[in-house]
Structure formats: C-alpha cells, structure tokens
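Working notes for the structure below.
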C-alpha cells in the first residue's frame, strides 16, 4: 500500500504541485541557470530553481549535506517530505523492518572537485593528459572522501543513516527504469515478510556540465533554446528529442495490516509489477512487462483506465514504447498520457516521480492530457490524451518505463476504496 509520497521537480516540491502543473499545462523546462551553458549545444533543462536541501531536513543533520552530491541531497530532502506525508511515527516503527530501496544512475562529479588535479596533469597537446603526472601530482590534491559524494548507493545509504532504517536496503542502478525496479524489489521483499515499512524512490540530476556534455554527444537531445517549454513532445510527429531534467520521487510503501494498525491513509494499492528485456527493441519486452504486471494484479487490459507512459520524446524510443503498449492492449484503444513535458527527463528519478503523478490521478479521479502534442506520429500506434484532462472511468493505471538499452518495467496501481 502507498501511504505517503514526496515529489521534487522543476514544477514544485509536492505531489500536488506536480499534478497541478501537469493539469494546467505548465512546464518547468527553461534555460539553465545552475551554470554557464553558453558553450554547450544544449542549454535547456527541467531545472529545480532555488533548491536547497537545508530547507528540508533537521538542523542537527545539515552538516552531513557537505558529503552529498546534488542527486543525493534530492533523495534526502524528498524522503523527509515522504515521511511527513505518511504521518508515520518513526519512534514506533520496528527499525529492523524499516527498509530503504532506491533507484539511481551515474552521478557526475562537479568540475571544481577535479579541476586542480586535471590542470596539473594536462599536457601541451589539447585534450590530453599525462597519466603518470595524474598519478603522481593529480590524485594527491583530490579530497580523500571525494568518491563518497558520487557513489549511486549513497542515496539509499544516506537516507537510511538519517532515519535509522535498519531493514532491507538496496540500490537499483538500471538508470531510467531504476525507480520502477525499486518498487518491484520492494514488493518481493514484503512478500518474503522481511519488512513492514519502506521508503522507495529514485533521484537524479542531469544538469551538470560533465553530464550535459557527455549526453549531448551520445543522446538524441532536443537542441532548441527558444520556447524551451515546447521542446519535449512525446509521441508527436514533430518531436525533436529528449529534454534532460532533475528531481526525486519517493513513496512510503507498507504492508496493509501495518498501515491499518497505525491508522494510515492509503493513497493507492501497488497491485502488480512486471519486468522484461526487449532484445529486439520492437516493443515485445515492454508488452511482456505490462502483461506480467496485469496478471500479478489479477486484471485484464480492459480493466485499465490509462497508461502513464515513459514518453521520452525521441524518434526511436517513442516508437518502441508505443508498439509495446499496442501489443499488450491489442484492440483496446487504451488512453495514454505522460508528464515528461512538465519535468523533463529525470533519469533514475523518472519512474517513481511519474508513478506519483499516477497516484495523484487515482486520488483525484482525473487524468491530465499530454502537453505539446499536436498530431500523433503514424508510427506510434497509441491513443494519446490531448487537449483537456479526462475523468477516470476505471480503477487501474499502468505505469511504464524502460531504458534505451531495452530494460523494461511496468507497475499496476489500483484505486483504494478501503
């Protein structure tokens, strides 16, 4: 059962703000202000303007923030928001059954951390380093604890330390689909009766000079600078590419009897989970993940109100996802929507952050449309919700996610009626 949620994104720091921006068609994609991006081919992103982790955690714990990269700070701040949302009394939790499972990806180093060492090791030949000098003179000037700021397992680690969570602890590092896989891992742990209460999330920040430079080389990014809010256009025939973002989504997930015993408000039920690998990149893996999740939920495709899609907004990936949804639902024209034009692509955070937007739809009984969508690409056989939001008519939502390498996952949420 989902009994609490925290959401940090470019459009706000609560699940309510996330959903409201989506419903009103407001995007957080804008020109980057965290650093000077004028020398890069991509200068827009879904940036969280003014984020400061000190505003979210207890004063006595703030000194620990110095050992955390921005991604880890997002996880720590969002976990605190989730605990507040769940109204759990930590003092009454069995700490050995209080678990933390997080999705994470590669955390890029901040340039100042390595600049002195790189400068000492640079040669007269532009773009090259002398590795012998790097080992002799460069490494000694790097802070000894530098690596601990950037390890992907530190999201779950730091959250667990702050809240004395001594139960199952794991980090899932399959990048864009990591958050949904973390939800699946949590379900399996609970079915083995190894925990009662879990913080389950994903966090990521791709707005970093190193990260943006690398991804500009290897990912199909949208490169417009004017009208940045229109850059992300999932499933649209005029889509331009991926728009990077940052954020975190954390869910409080607990066993039903545990939730009832403490009088918790239940937001939704996690009814099913499925994962697969799409070897041929033709949508078959996505379809198998959806079908597995529906079977686990004891549901059929006709029971689903809509699909909350990954919706990269890239030429190839949207086709793969659309075909996967079509294969799973066959002749049923299930409505499809996505929130990515609001937030940008938040990487390892995207699965749980977007899952929280689906929870909000269940709670409110209303599904916002996909922004920036004018005409569906003929190669994407999906029924995209456009224009106005629509009322929910059925009790189930399917959330999909995948990586460009083919790792797929799906989660089925069910409206909770008590």
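A short reminder: the numbers here are calculations on the coordinates, not readings from a lab. Here the structure is a predicted model, which means the values were calculated and not measured. Cβ coordinates were reconstructed from backbone atoms using ideal geometry, including for glycine residues, and neighbour counts include every protein chain displayed.
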TODO: Restricting to the chain, compute how many DSSP beta bridges are antiparallel as a %, nearest 5.
DONE: 65 percent
Task: Listed residues 269, 24, 185, most fluctuating in the chain (Gaussian network, C-alpha, under 10 Å) - done: 24
Task: Net length gained if the chain between residue 391 and residue 316 were fully extended (0.36 nm per residue, minus Cα distance) - done: 23.9 nm
Task: Between the range 118-155 and the range 1-22, the alpha-carbon center distance in angstrom - done: 38 Å
Task: Computed over the range 334-388, Kirkwood Rh from alpha-carbon pairs, angstrom - done: 12.2 Å
Task: Shape call, the chain: gyration tensor on alpha carbons, a/c limit 1.5 - done: oblate
Task: Rg/Rh for the range 1-53, where both radii come from Cα atoms and Rh is the Kirkwood radius - done: 1.08
Task: Potential extension, residue 146-residue 94 segment - 0.36 nm per residue separation minus Cα distance - done: 15.4 nm
Task: Residue exposure sequence - 131, 181 - by fewest surrounding Cβ within 10 Å - done: 131, 181
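Test of understanding: ordering 56, 312 by Cβ neighbours within 10 Å, fewest first, what list do you get?
With the sparsest Cβ surroundings first, the list reads 56, 312.
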TODO: Work out the FRET efficiency for residue 60 and residue 26 from their Cβ-Cβ distance, taking R0 = 35 Å, and round it to the nearest 0.05.
DONE: 0.45
Task: Whole-angstrom Cα spans of the range 173-318 along principal axes, big to small - done: 53, 34, 27
Task: Ranked 361, 248, 342, criterion: other C-beta atoms within 10 Å, fewest first - done: 361, 342, 248
TODO: Would you mind telling me which residue in 249, 127, 202 has the biggest mean-square fluctuation in a Gaussian network model of the chain, where springs connect alpha carbons within a distance under 10 angstrom?
DONE: 127
Open item on the list: Starting from the 7 Å offset along Cα-to-Cβ, what nm value, one decimal, do you get for the label separation of residue 277 and residue 118?
Closed with: 3.4 nm
Open item on the list: What does the C-alpha gyration tensor say about the overall shape of the range 268-415? Classify as rounded when a/c is under 1.5, otherwise prolate if a/b is larger than b/c, or oblate.
Closed with: rounded
